[in-house]
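The values are calculated or read from the model by the stated rules, or taken from the named source; none is laboratory data. Quick caveat, the model's predicted, so the values are computed rather than measured. Backbone-built Cβ (ideal geometry, glycine too); neighbour counts: all protein chains shown.
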C-alpha cells in the first residue's frame, strides 16, 4: 500500500521494477473489485486504534484474551455501523488478524447447522446465530481422539421416556478437547457424539447443545468447561479459548439432534435419510479451498517481510570502505527466498482455481453428478497438505533469513509462524491427507486401461503409456523455459512414482499390507502429483490474458522459478525415475540461477504487489518505508521489563550475590 | 530414569527391548562417571521446588524474569552449600534448564578475559568474576551489525591527556543489541569497539566497561541500557535479558582494554603483540564443540517425547472394535521419527569426537603446530551448522509428530523449539558457516596433487582420483549394511560435488565471482562433506569395543538408519554424481524400511537410555510412565484463564452482544 511516507529507504529498489506494480496488485487480488474492497477494509482496520497489535506479544494471557473480546465486539459494531456487505465484513475480519471465537461461530457452528440441520432446525437456530444472540462452536475432537472421528467416545443416549438425549462423557479421554471458542465464550456447541438408541450404537452424529446460561454465562448443570492452556507462541493462538468440555448426563430435547442425514423418531427408531452422504464432501472441498487461500496469504506476508528487510540489511562484502552488500544480493539468500516468493504466487493461483473447482463441484452435486467428487476430494486434500506444509516451513525460513532480529517478536515473524503452523494439523493431518491422495492415485492407476478415464487433475494419467517411456528433450539451459517441457517432466515423474508404488504394492501378500508397508513412498508419490497440479495451474494462469506492462513476463519468471526450484529440490525423484537425466538436472539449476538474477531487481515490487499495510504486516523489519532500525529500537522500550531501570528481584536475588552475603556464609 | 511409578503404560514397550538399557545409558553419557554425575544432578534439581518449570510458559515477562533471577541465585547457593565440583556445578546448571545471565557470565565474559586479557588484567578481574562480585556480559553485536564483526561502529577513542578511552555510540545502528545478561543484570561488559588513537582506526578490540553502579544497580552516567523486548515463544529465551546499550562518551581507564593481543601505550601508540592470532580459533573450536553437544541433547529430548507419546497414542486401524493402532506402528511415523532418533545418537558421538579434537588442537597450539587448525576450524563450523539446523527442524518435526497436542505448551515441545532455534543463528549463521567450509574445500581440492596432503576430516580427498571413478558395489539391499560401502558412497558424493563446484568456479571470470555465483551449490557440497564426517564418526564409534548385551548391535542399526536415511533424503546428489545408481538408491530405501522394523521394538528403550527425568523433559506427552491424558487434563486447569469460570471482559464485550444492545441500536 503506497502510504504517505516521509522517508523511503526502498525507493531505489522500487525504481528498479520492470513491471506495472498497480496492475500486479489487481492480478494478486483477483479483480479490481476484490482489490478495492481489500484495500478499503485494510485501511479501515489499520486506522482504528482498537485494533492495534503492537503490544499483543507482551500481554499476559488474561489481558490478551480480554483485548481479543474487545476487538471482536468492536469489529461486530463497526461492521454493523458501516453497513458492510458480507464480502466486506469478511475482509474486515480478516484484517483484524486475530484468532477469535467468532471464527468458529461463523466458520463452523453456522455451517454445521446449515449443512446438517433440517429446514425446521435451520429456521429455529440460524436467525439467533446470525444475530449472535447465541454464540456457538464445533465440539468434535476429544482428548484421546483427533483425526479418527469414528473413535469418538462421547455418547448421546436416547431416552424414550422423556424424548430426550442424554449427553455424557464416559471416560477422561472422551473429554471434548481443542474446540476454539469453547473454553470461555460459546453459549452453544454442535457436539459430535456416538448415538445410542435402545442399546444400539449408530455411530457419530451431531447435536446442538446449550452449554452456558444466557443470563449470567455460567455453565449449565452437568457441564464442565475450561480453557486447555497456553499454546505455542506469544500472542498467536492464545487469543483463542480452545476448550475442554465434559458432560455429566446432560439432557437435551430430541429435536436438537441434527437430522438432515439421519433421524431418531419419537419411538427411538434410527432412520437414515436418502440425502447422499457425498454432500458432506462438498463442505470439505470448501473448507480446504479456504485453507489453501490462507496459505498464500500467510506465506506472502512472511516473504514480504523477508524481502524488504533483505534489501535494507547489509552485511559483509565491503572491501573498499563503501557500504556493505545488501543481503538480498547474496545468491544463498536468493536461493532460499525467491522460491518462496514464487510459491506464494503459485499458491495464490491454485487457490483461485480451487474456488472455481468448488463452484463446479457444487453445481454437479445439485445435478446429482458425483463423478468428479472423489477426484476433487483427493485433490483438495493434497493441496491443503502441500501448501500448508510449505507455508509453515517457509515462514520459519523467512524468519531465519532475517538473521537474529527475526527472533524478536517485533519482527512479526515468530507470531506469524506460531499462529500459522496448526494449519498443518487441523482439518486433516498433512500426512494422513497425503495418504488419502495416494490411495486415490493407486485406484486411478489400477483402473488405467479399464476404459474408466481419469478425470480432472488426474486426467494426464491417461497418457501413462507415453509418460512411462518419454525422454526429456532439454539440451541447453533455456530449453527449461518451455512450459511443455516442464509439464512433461512433472507428469512423467508423478506417473512413474505412482506406477512404481502400485507395482511394489502388488508384490505384497495383500494390497492393504502393501499399502501400509510402502506408505512412506506413497506419500512421496502423492507430493509429486500435487506439485504437478500447482505447476500446471500456474502455467495455465500465465497463459491467460494478463494486463499491465511486464506483469505477464514477471509471472512467467516466477512460474519457472517455482517449477525449477522444485526440480532441484526433488532431483532424486526426477532422475531416479528417468524423467530427466543428471545433465538436464544441472541445466535446470543453471537456468534457475539466471532466473534469480531476473527476479532480483523486481523483488521488492513483487512483494509491494501484495498491498499489505504496515498494520497487517505487524513487523518492524517489513515496513514499507524500510526504516527498520529506529522502529526496532522504539519497539524494544515498550517491553514491560523496561518499566523500571532496576528490575524487580534485584534486591532479593542480585544484590545479595554482588555483596557476597548470600546465605553461603551461613554454612 | 527409572522412577518409582504407580503405573507404567509403557511397561509393555520396555519389555520388548532387545538390549541392555543400563549399559546404553553409560554409552550415551560417555562414561560411568559422567552418568553418575548427570543422574545425581538431575535428581537434585528435579526434587527442588524452586526449580519448577510447569508454570513457566504462563508467566508474564516481569514475573518470569524474576523467577529466573531467583533460580539463578538459588542454584549458586545450592552449588556452594553442596560444595559441588566444577563438573557437577556445570551439570547442575544444565538441568536447571533455563537461559539466564549466568550463561553469559560464565560462558562468555569470564572466557573473554581469560583469553584476551593480560596476566595482570586476569589477576585483577577474574577473582571478582569468579565470586560473582561483578556480573559480566559480552557486548559485541550491534543493531545494524551481526555476523560481520569488522562492521561494528562503536568507537573507543584514546585520550592521551587523561590516559582514558572514550567509549561512544556514534549512530543508532551502533547501539549494542542482543547481548544476553546485558538488559537488566550485568554490572560489567566486555565491549567490542573500533579502537582509534590519534585519529587512526585500528580495528575492533575488546574493553572491560562497568555499566551499572555496584551500590544501587543504576546505569552509570552516559550509559543507556534496556531490554530489547519479547522473543519467540512462551517462556523460552524470555527468561534472558538480551539488551540494548548506548554510550555517550563514557570514559574508562586505558588498562581496561584487553591487551593480550594488541596494546595501546601511555603515549597512545598501538602495538600488536606476537601472540599468534590463531590462538583465538582455539576458543571457537571449543564453543562450537559445546554447541554440537547441546544439539544432541535438545534433539534427543524432543525425540524422547515424540517416541513415548507415539507409543501411547492410538489412532485408526481398529476394524474389529479392538483398540486402535499405536501411532508408532505407522510406517509414515517411523519414517519421520526414527531418522531423528538415529541423528540424536549420531550427534552425540560426533560431539564426543569433537571434544577429543579440541584437546588435540589445544595440545598442538601449545607446541606451535598450526597445521591442523584450518581443517579443525572448518570442520567445527560445518558440524555446528549441520547439527543445529537438523536439530531445530527435528524438534519441530517431533512436535508435529505429536499431532494437535504438540501445539500445547504443556507438551514441552513449543518451548523446546523456541529456546533452541537461535542456535542456528548465533555463533555464526549456519549458511555463512557452510560457505566457510566450502571455501576450505575448494582450497583443499585446488591443492590435490600438489604434494600438500589433506589432513583430518578431509584426508579422504587424497583418494579423489579413485573416488571420482569408483562404482558402488551394492547388488542387493543387505549390501547396504557394509560400512565400507556406505563410506565409499558418501566419500564419492562429497568429492564429486566439491570437484564439480571447483570446475564450475574455474569457468568464471575470476574465482571470487565464481564462488559468489555458485554459492548455493557450494553450500550443498559443504553439507555433503559434513554429513560424511558424522557418518564416519558414527561408524568409528560402533567399531569400538562396546559393553552390554545388544548395545553394539542397536547402535549398528541406528548408524545404518542414519546413513541410509541421508541417502534417501539426498538421493539427487548421490545419483546425479553417479556415486550410486537409481536401482541402488531403491535398494537403500528397501533396506531402510527393514531397519525401521528392527528399531521399532527397541524405540522406547532407546529413548529411556537418555536417562532424562520428567522434570528435565517438562512434557505431559513425554512422561516416563506414559500416563499422558490425566496429566494434560491437569495442566490445562493451571492456565490463568481458568482462574474464573466467567472470563474477564464478559460484561463489557460478550453480554452486550448476546443481549443485542451493543451500540448498533444507536445508529
Does region B:306-323 contain any residue that is under 27 Å from the mean Cα position of the chain (by Cα), assigned to a loop (DSSP other than H, G, I, E, B) and surrounded by fewer than 23 Cβ atoms within 10 Å (Cβ to Cβ)? no
Name the one entry in A:399, A:348 that is crowded, with 21+ Cβ neighbours inside 10 Å, within 14 Å of chain B (Cβ to nearest Cβ) and in a helix (DSSP H, G or I). A:399
Please list, ordered by residue number, the helices (runs of 4 or more DSSP H) wholly in region A:98-169 having 2 or more residues that are more than 25 Å from the chain's Cα centre (by Cα) and over 23 Å from residue A:291 (Cα atoms). A:119-130
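Condition check ((1) at the interface with another protein chain (Cβ under 9 Å from one of its Cβ atoms); (2) closer than 24 Å to residue B:630 by Cα) across all residues:
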position: A:176; (1), (2): no, yes
position: A:183; (1), (2): yes, yes
position: A:206; (1), (2): no, no
position: A:215; (1), (2): no, no
position: A:222; (1), (2): no, yes
position: A:240; (1), (2): no, yes
Residue count, region A:572-584, condition surrounded by 23 or more Cβ atoms within 10 Å (Cβ to Cβ) and either touching a strand residue (DSSP E or B) at 6+ places or on another chain (Cβ under 6 Å) or assigned to a helix (DSSP H, G or I) (or both), comes to 5
Just to check your reading of the model, which residue among A:611, A:589 is in contact with a helix residue (DSSP H, G or I) (Cβ under 6 Å, 6 or more places away or on another chain) and under 18 Å from residue A:25 (Cβ atoms)? A:611
From the list B:56, B:70, B:61, which residue is in contact with a helix residue (DSSP H, G or I) (Cβ under 6 Å, 6 or more places away or on another chain), in contact (Cβ under 8 Å) with a residue 60 or more places away in the chain and within 14 Å of chain A (Cβ to nearest Cβ)? B:61
Could you list all residues from region A:417-438 that are crowded, with 21+ Cβ neighbours inside 10 Å, assigned to a loop (DSSP other than H, G, I, E, B) and more than 8 Å from chain B (Cβ to nearest Cβ)? A:428
Of all the residues that make up region A:175-224, how many are without any contact (Cβ under 8 Å) to a residue 60 or more places away in the chain and not in a strand (DSSP E or B)? 11
Please verify whether residue B:91 is in contact (Cβ under 8 Å) with a residue 24 or more places away in the chain, crowded, with 17+ Cβ neighbours inside 10 Å and within 16 Å of residue B:183 (Cα to Cα), treating the condition exactly as stated. no
Unique residue being more than 11 Å from chain B (Cβ to nearest Cβ) and either in contact with a helix residue (DSSP H, G or I) (Cβ under 7 Å, 6 or more places away or on another chain) or part of a helix (DSSP H, G or I) (or both) when the list is A:522, A:487: A:487
For residue B:205, the lone unmet condition from (1) surrounded by fewer than 24 Cβ atoms within 10 Å (Cβ to Cβ); (2) under 23 Å from residue B:112 (Cα atoms); (3) touching a helix residue (DSSP H, G or I) at 6+ places or on another chain (Cβ under 7 Å) is (3)
Could we say that residue B:541 is assigned to a helix (DSSP H, G or I), surrounded by fewer than 20 Cβ atoms within 10 Å (Cβ to Cβ), touching a helix residue (DSSP H, G or I) at 6+ places or on another chain (Cβ under 9 Å) and assigned by TED's automatic domain parsing to the domain that holds residue B:554 here? no
Among (1) more than 14 Å from every other protein chain (Cβ to nearest Cβ); (2) in contact (Cβ under 8 Å) with a residue 40 or more places away in the chain, the one test that residue A:509 misses: (2)
From the list B:46, B:42, B:6, which residue is more than 30 Å from the chain's Cα centre (by Cα) and under 18 Å from residue B:308 (Cβ atoms)? B:6
Taking region A:605-628 as the search range and keeping residues that are in a helix (DSSP H, G or I) and more than 16 Å from residue A:561 (Cβ to Cβ), which one is farthest from the chain's Cα centre (by Cα)? A:628
Select, from B:424, B:501, the only residue that is in contact (Cβ under 8 Å) with a residue 12 or more places away in the chain, in the same structural domain as residue B:591 (by TED's automatic domain parsing) and more than 30 Å from residue B:179 (Cβ to Cβ). B:501
Considering only region A:145-174, state which residues are closer than 24 Å to residue B:634 by Cα and more than 12 Å from every other protein chain (Cβ to nearest Cβ). A:154, A:155, A:167, A:168, A:170
The one condition in (1) free of Cβ contacts under 8 Å to residues at least 60 places away in the same chain; (2) within 18 Å of residue B:404 (Cα to Cα) that residue A:147 fails to fulfil: (1)
Selection from region B:55-97 of residues within 30 Å of residue A:231 (Cα to Cα) and within 22 Å of the chain's Cα centre (by Cα) yields B:56, B:57, B:68, B:72, B:91, B:92, B:93, B:94, B:95, B:96, B:97
Of the conditions (1) closer than 21 Å to residue A:78 by Cα; (2) surrounded by fewer than 20 Cβ atoms within 10 Å (Cβ to Cβ); (3) more than 22 Å from the chain's Cα centre (by Cα), residue A:51 satisfies every one except a single condition; which number is it? (2)
Of the candidates A:394, A:317, A:404, the one satisfying the condition of being in contact (Cβ under 8 Å) with a residue 40 or more places away in the chain and within 14 Å of another protein chain (Cβ to nearest Cβ) is A:394
